[in-house]
Amino acid sequence: MPLHAALRATGDGIGCHYRLRAEIGLGIEPLATLGLVKPIRQRIPTCTEHACPLRDGCRFARIFAEGLAGRSGKKYRLAPLGEGVLRDPAIARQIDAATRELPLARRIFAVLRDAGAPLTIFALNAALLDQSLAALATDGDPGESGFGRGELAGLLTLLGALGALAYDGYQVALPSAGQNETTAQAAD
Amino acid sequence: MTAPTAASTETPVEILGALRATVGTPQRLDLPVIATRDAEWSTRGRLALQLAAEDGQPLGRAYIFNGAWYPGCDRSVPFSHYLPALERAYEGLEQSGRPARLRLQLLQAVAAETSKGGTILVLLKFIIAPEWTMTGGQLEIVYGCPLASFYTGFVGVDRDPTRDATAPTFTVGNAIHAGYRHAAIAHDGGGGEDATGRAYLDAVARTWADDFAHLLLDRPTGRPKALHKRPLAARETILARLQGSAGGADTDADRALLQERLFFAPGRGISGRADRIVYREGPDGGGTVETLHEIKTGGGFGAEKDPLTGIAHPGGLQALAYREIVRSLGAGDPDTFIEVIADDLASELPLDDHPIVRRARARLADGGNSRAVDLLAQARNIGFLVTTGLLTGYDRYRIDTIAGLGRRVRGVGGDWSLQASSTPCQICAASARGICESARTTSRTPTANFFRHLPQELYAYWVWFHRQLQDEERAGREALYHLATTPLATLEGQEGVSIGDLAARVPDPGRAHTVTFERAARIETRLREDDRVLVTPVGRAPGELLSVEGTLRRLDVRTVAVELRDSLPPSAGGRYRVDLLPFRSSWQTQGLTDFLLGAIRGSGIGGRQLGAEELPRLARIILGAAEPAPLADDAPDLDIPDMSDLNADQRRAIGAALALAPGELLLIQGPPGTGKTSMIAELARAIAHRDFFADPDDTTRRPLLILANTHRAADEVTRKIAARFPDLRPYLVRVGSARAATEPEVREQILGERLRVREALAGIDLDDPAGLERWVRLIRAGVLIHDHAQIFIGTLAAANAPELRGLTFGTIIVDETGQATEPAALQALRHLPPGYAGRLLLVGDHQQLPPVVPEIADALPLPPLPDSLARAGFAPAHGLKISLFERLARRYPGALITLAAQYRMNAPISALISDLFYDGALHPGAASVANARLSDFLSTNYPEGYKYEVRSTPGEVWDDTPIVFLDTSLDAEARDTVRQWRADESRDNPREAAIIADLLVALFRRVPHERWGSLAAEVGVISAYRKQNNRLRTEIGAREPALAALPALRIDTVDRFQGGERQILLVSLVNSNDAGTIGALHADPRRLNVALSRAKTKLIVVGDRATFTTPGRPEEEAAKEVYRRLFALLDEQVNEGVARIVETAGR
């Protein structure tokens, strides 16, 4: 499961957003929103300091090595809840449910329900973008309807792995009823 | 300095004779001479020259001494630049192998008595090479930092477009300038405060719409910022200033307000656009400039600080330069002001009080202080020296050493009190790129000995093209001088760049700024639609104050329609002239130099000599120092959703592109009709799919950039992608502004058009704070759309566009690469990730049209070819006409995929093209294409009323025979008439035009009249000469006016037909003469490929076989071999029954 793999992808207890992205297709955002990790914003370690296996070929390593802007919040430590997910299946199930309730996840489900058919990643992203634009025009700010493609990419991966969506990297669809049960049993 | 009378009747001999009669007293002059260095009489501190008049008449010897000294003078001028600058110029000429001869505009000289009792002529002040024009803005750069002018003007250093995404503060100045300009027009027209205020706001809104893409770079996150507020805050200030100024033009008919007019002083080598000039017409047709205003809204190069207040005042040198232009044209001594608009403050500074003038002690009030001349001449002459490269040539050690001379470039002389006191490093591109060792900024550590450390291969490459681009640069800079000093008869009759004796008609209704000019005499010219032109009253020289710029919109046999930038100037005789305005752009040099800089930065090595093997891989491939990765032999299985049916070649090309590793190159050749644009669209879809979620955290990294050589090609790719893949439209950005010809489906992909910015601004009350908030929200919406965009499409010239600023792309495709010069194509590399770690795809066809390169008079011959360039596939005399695509296709045939299946031409036409140009490899991609005949098209589309009959009568043209050649070899009436221009020639052949007109009329009269429009869309006529195309229209119109008037009926040159196709194509070869001359256009057989391959089912060629096959000029022999092969193939096809040859003699 991507979530478990993501929580295990640490060195000396330190994980990195860019490693998650490269290895699992997730970013730090959903993990932080779910309370599974604590982003590090001060005394941010370099990649060497936590022996990241990707440090030699990663083009973002320089950001941490040279202390450049944009590194804050990109590295993290596991939160107690994150450790709990790795330890206790019941906690993992609760987190699975919480993932489906994330604001962006709810918006994705709503768009798919309105479409009544599978959507390509292009069409899904465009529908979500239209919502952001509409909120900007009305309220002066995208607000909750704002999102980044990275956030969307990670969440699609998570929801797909949870069986909450049928996602093959190109098309996104609401799952059939049977598919939902099968995936839930697999998680147990 | 007193301005001389505009048209002196004294000869140069008389002028200098009068000078010699006043020994010991320096005299003011305004005299151009040709000065050749006299080495025999030159010594250290003394330069001897042999002077001659423009017509070659000798004028004797003259001298220049250090410090502007002359025998008998009581004091010299410390740090005078004149001698050292001119000496360095002559040195530069000699080192580059050119004669030590320059034009000088003499401004002051003295006849001095020597200690031996003789009299010598001593030159004290002059402009070096006044034919080489600099703008006022460029003078300010030199004033601020001559070294900056060297790096940006000569070397071609530009800001890194992948890093420079700074806030567009210049948009404030643009908006204020535009608002001020239109408010002044309204005020001058008698408008009250309300009307003037409205005009101001409307102009600000229009400018914001124009600058929308730039405003996105600011990335506003909430409330309006200074960027948005300042133009509005300036309104009241400007209105107050206008209300306090003199009355409008309606109160004074002889007074005109001229704003941002291009004007030019041939004797000063300076051009510019003064923001506001008040001009008064004189009784004798002359006129004077009463006031001149230069408006500034911020700092910039050349801003000088007031020594007492410390406030920086820009614009002083520009205003001084423009004033001098006016004076040199004999248009008076205007009161000159610099207006600085800053939010709610405005100051109007008389030029005499400007810190530049005060610091230089260049008081203007006494009729022209000598120091004012020195201030301008120093900037102009040093600017000439550093920007032409005469100072260093291409000696890389000298180029490196120049930075060590300091920003003032010690050695060229110059009084530092005539240069800016503070450095402009913060805004200098050379400083930002870390190339200037004298830079006083900590933003980047400069690299010492940059050029010395370059690998020889890279430096030789840069020099090879830089020299050629410098020739184009020089021609562009000298073009205005040429226009102003060459008789109109020569410009029109021999060069075809001007049209004189035109009367203005009433402006076209609905287009207030478009004026149609007409005359009784037939117009024959090289001017064409969309050319930038100058409209000038006859009797005035182009650029002499009253000229107005415009764009040529329509050109007929006796009329010219021009869309003017400003109102039409009055003309005493009611007659005007239209001149081609040279367009100069330095973007190709910047792209070439950016390749140099990017390759070095990408190596990650500095401080020592580099080897070519240390450069990024893609740079090595371009330099011929590394082979591209081998291609797979077979077409891969492409598992890409929603992909169209592709043929094997297309699958192979797309598969190879997707498999390309970062830093690699792929060449895709797309012969006519092979679906190249469709392939690019499919590839774009595949890349967008693959990379949609790649690098999602790096908003500066996008999947795909497509650059094309022309707007037409960029629009076509945009249209194809948008039509084929509607779900990609939200992620597709067409870079640039909408043009008149932009189609709706392409327009929708332009950011400002998608958001209906102009309409929105028209509905926003900018007086209301809520309105300004709405505007900022619209900008934020643009930012949001831009952030999600995945595919950007533009022209090569737009590589520095704001939509692309700060972005890199994983894959860059260049379309029409065969038509782009190599420096132009290098623009594509500017947006690859650092180290050129991206994928470069060049799509084109070197068997079709080559790059269009202007013929440059007096172009320097290329030096011997270095071995490194020979290894890279260069040939001796390898000029800009050889595209990057052609060179790399020949150098790396293994990296080239050719699309061989074409879907346009039926089998016989395809076979002709395939055999002549593609070694027999091109073939129809489907049986339906191969077997298509004219009857299929006509009977399907025009079944009613058209009785199609297949005839076998000899001479029948409109039957199903795919190819018909009408041979005029024996037709005595079919001879061409040639119009020789200096740069090229124009021909027509009335008999051929008559034959084609008869054929077309016969075809169309078989179809119901109401269907002519749709049929015309499938018929095309091509000839190499616009003169012949005009003749064709005349002949058709004489037979059937309604037919000639059909806009869908295309009659055009090959170059303008590129990319089009027609069911029926008629080609007029035109050239028919006893000398067997086929002309420069036909001498490139690739034009024949493009011409013939436009036809789908019916190709009719009319021409003189004998002229095209008989040996003639040696330079045409290679092309004639192709034509001989063409006619031999036609003979074979006649035997096969798919072609017919008909002799026109006696018909």
Taking a label point 7 Å from the Cα of residue B:521 along Cα-to-Cβ, the residues of region B:449-493 whose backbone nitrogen sits under 19 Å from it are B:483-493
Once phi for every residue in region B:540-553 is put through the Karplus expression 6.51 cos²θ - 1.76 cosθ + 1.60 (θ = phi - 60°), the whole-Hz ³J(HN,Hα) values, with Gly and Pro written as x, are 10, 7, x, x, 8, 6, 8, 5, 10, 7, x, 10, 6, 9
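Are there any helices in chain A, counted as whole DSSP H runs, that stretch 15 Å or more along their axis by Cα and score at least 0.5 on average by Kyte-Doolittle, and if so which?
Going by DSSP H runs, the hits are A:121-139, A:149-162.
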Placing +1 on each Lys and Arg Cβ and -1 on each Asp and Glu Cβ in region B:303-388, then taking the dipole about the Cα centre, the residue among B:373, B:386, B:320 whose Cα reaches farthest towards the positive end is B:386
So residue B:100 and residue B:859, fully extended at 0.36 nm per residue minus their Cα-Cα distance, gain in nm 271.6 nm
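Mind putting a number on the dipole of chain A about its Cα centre? Charges go on the C-beta only, +1 for Lys and Arg and -1 for Asp and Glu, and I need it in Debye to the nearest 20. Intermediate values should be presented prior to the final figure.
Working: 20 positive and 19 negative charges, 134 e Å.
Dipole size: approximately 640 debye.
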The simple spin-label model distance between residue B:352 and residue B:931, using points 7 Å out along Cα→Cβ, in nm, is 9.1 nm
Among B:1027/B:1098; B:720/B:1098; A:75/B:229; B:881/B:1098; A:74/B:229, the pairs whose Cα-Cα distance exceeds 30 Å are A:75/B:229; B:881/B:1098; A:74/B:229
Expected unfolding gain across residue A:114-residue A:46 under the 0.36 nm per residue rule, minus the alpha-carbon gap, is 20.0 nm
Note, residue B:843: beta-carbon cut-off 12 Å, +1 each Lys/Arg, -1 each Asp/Glu, net -2
Taking B:86, B:597 and counting other beta carbon atoms within 10 angstrom, the fewest-first order is B:597, B:86
Most exposed first, judged by fewest Cβ atoms within 10 angstrom, B:311, B:793, B:812 run B:311, B:812, B:793
The helix B:170-188 Cα axis meets the longest alpha-carbon principal axis of chain B at an angle in degrees, between 0 and 90 and rounded to 10, of 80 degrees
The ³J(HN,Hα) series, computed from each phi in region B:1128-1135 with the Karplus coefficients 6.51, -1.76 and 1.60 at θ = phi - 60°, rounded to the nearest Hz and given as x for glycine or proline, is 5, 5, 4, 4, 5, 5, 4, 4
In degrees rounded to 10, the 0-90 angle between helix B:1026-1039 Cα long axis and the longest Cα principal axis of chain B is 50 degrees
With +1 at each Lys and Arg Cβ and -1 at each Asp and Glu Cβ, the charge dipole magnitude of chain B around its Cα centre, to the nearest 20 debye, comes out at 1640 debye
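What percent does the relative contact order of region B:750-900 come to when contacts are Cα pairs within less than 8 Å and at least six residues apart?
20 percent
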Averaged over the residues of B:694-702, the number of partner chain Cβ atoms within 10 Å of each residue's own Cβ comes to 5
Among B:225/B:296; B:225/B:305; B:125/B:305, the pairs whose Cα-Cα distance exceeds 31 Å are none
Here the percent of antiparallel bridges among DSSP beta bridges lying wholly in chain B, to the nearest 5, is 55 percent
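With the contact rule set at Cα under 8 Å and sequence spacing of 6 or more, what percent relative contact order holds for chain B?
Values: 2342 pairs, mean separation 104.2, N = 1147.
With pairs under 8 Å counted, the relative contact order is 9 percent.
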One would report the antiparallel percent of DSSP beta bridges in region B:904-1143, rounded to the nearest 5, as 15 percent
Here, residue B:1128 and residue B:998, labelled 7 Å along Cα→Cβ, have an inter-label distance in nm of 3.2 nm
Charge dipole of the protein assembly as shown built from unit charges on the beta carbon (Lys, Arg +1; Asp, Glu -1), centred at mean Cα; most positive-end Cα among B:879, B:118, B:868 is B:118
Per-residue average of other protein chain Cβ atoms inside 10 Å, peptide A:148-156 -> 4
Taking r as the C-beta separation of residue B:43 and residue B:767 and R0 as 60 Å, the FRET efficiency to the nearest 0.05 is 0.25
Listed by chain and number, the residues whose amide H is under 5 Å from that of residue B:527, excluding neighbours fewer than 5 places away on the same chain and using placed H, are none
Taking a crude spin-label model, label points 7 Å out from Cα along the C-beta direction, the residue B:558 to residue B:91 distance in nm is 6.2 nm
In nanometres, the difference between 0.36 nm per residue of separation and the alpha-carbon distance of residue B:1034 and residue B:1118 is 26.9 nm
Dividing the helical contributions, -39500 (n - 2.57) per DSSP H run of n ≥ 4, by the residues of chain B yields a 222 nm value, nearest 500 deg cm²/dmol, of -10000 deg cm²/dmol
Checked against the positive end of the charge dipole of region B:753-798 (+1 on Cβ of Lys and Arg, -1 on Cβ of Asp and Glu, about the Cα centre), the farthest of B:761, B:796, B:782 is B:796
If R0 = 30 Å, then residue B:1080 and residue B:57, at their Cβ-Cβ distance, give a FRET efficiency to the nearest 0.05 of 0.25
Residues of region A:135-162 with backbone N under 19 Å of the label point set 7 Å from the Cα of residue A:32 along Cα→Cβ are A:142-158
The relative contact order of chain A, taking Cα pairs under 8 Å that sit 6 or more residues apart, comes to a percentage of 23 percent
Here FRET efficiency (C-beta to C-beta, residue B:956 to residue B:875, R₀ 56 Å, nearest 0.05) is 0.75
About its Cα centre, the protein assembly as shown carries a charge dipole, from +1 on Lys and Arg Cβ atoms and -1 on Asp and Glu Cβ atoms, whose size in debye to the nearest 20 is 2380 debye
Once phi for every residue in region B:372-381 is put through the Karplus expression 6.51 cos²θ - 1.76 cosθ + 1.60 (θ = phi - 60°), the whole-Hz ³J(HN,Hα) values, with Gly and Pro written as x, are 4, 5, 4, 4, 6, 4, 5, 4, 5, 6
Taking Cα atoms, the helix B:456-485 axis meets the longest principal axis of chain B at an angle in degrees (rounded to 10) of 70 degrees
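Here, each number is a calculation from the coordinates, and none is a lab measurement. Not measured: the values here are computed from a predicted model. Cβ atoms come from the backbone with ideal geometry, glycine included; neighbour counts cover every protein chain shown.
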